[in-house]
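*Asks:* Please see the structure below; I have some questions.
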Amino acid sequence: MKRAVKYIVLFLFLIVISGQTFAVEGKTDWKAFINNLSNCLCTCNLGVKLAALQHIITYSDSLDMDEAVFDIVCLYRNHENEKVKQLALTALHKIEDEWAMDFLGRHYKYEESEILKSQIRHMLYEYQAKNDQRKKVDTDIYLAGPAE
């Protein structure tokens with residue numbers, strides 16, 4: 001019995017190693033990956049949506065997720081769980097979409113959660129710092145609140 005378990009473990013180990021080799025050698029179809037992630041964000045299954053957000057965060061450097069920004073913003077705005085909102089905000093931060101950052105800047109004063117407000121504030125400052133040479137985004141206007 002122990003010998004059979006050893007062979008099974010060895011077999012599974014070889015499968016994992018060979019799978020990693022194929023992943024490195026093969027060429028990734030990023031367009032299909034982006035399309036699948038976008039489709040996952042439109043499902044009713046929360047687990048699938050969260051997995052898609054995690055993949056967007058992980059592979060954001062290789063993805064152009066402009067089409068999915070609205071779905072992620074809807075998830076952020078409509079979900080009641082703060083952790084899900086944090087994950088959506090992190091995905092938006094990694095995508096670095098101009099419209100999403102503008103929306104978050106305008107939405108900042110209406111956010112009730114201090115944790116989410118802090119995350120948005122840091123996201124906006126980092127986004128501004130990265131884009132200072134290209135376009136000045138005046139974060140202070142958003143964060144100051146309504147004019148009195």
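The values are calculated or read from the model by the stated rules, or taken from the named source; none is laboratory data. In this text, all values refer to a predicted model and were calculated from it rather than measured experimentally. As a convention, Cβ positions derive from the backbone with ideal geometry for all residues, glycine included, and neighbour counts pool all protein chains shown.
*Asks:* Just checking, does the range 90-97 include any residue being under 25 Å from residue 34 (Cβ atoms), surrounded by 12 or more Cβ atoms within 10 Å (Cβ to Cβ), of a type in the set (Val, Ile, Thr) and modelled with pLDDT of 90 or more?
*Replies:* yes
*Asks:* Also: Any idea which residue in the range 31-73 is farthest from residue 92 (Cα to Cα), counting only those that are among the charged types (D, E, K, R) and without any contact (Cβ under 8 Å) to a residue 24 or more places away in the chain?
*Replies:* Ranking the qualifying residues of the range 31-73, first place goes to 31.
*Asks:* Consider residue 28 against the criteria (1) without any contact (Cβ under 8 Å) to a residue 12 or more places away in the chain; (2) loosely packed, with under 12 Cβ neighbours inside 10 Å: it satisfies all of them except one. Which criterion is unmet?
*Replies:* Answer for residue 28: the failing condition is (1).
*Asks:* Shifting gears a bit: Hey, could you check the range 45-67 for residues that are closer than 25 Å to residue 112 by Cα and either among the charged types (D, E, K, R) or crowded, with 21+ Cβ neighbours inside 10 Å (or both) and say which is nearest to the chain's Cα centre (by Cα)?
*Replies:* Only one residue tops the list, namely 53.
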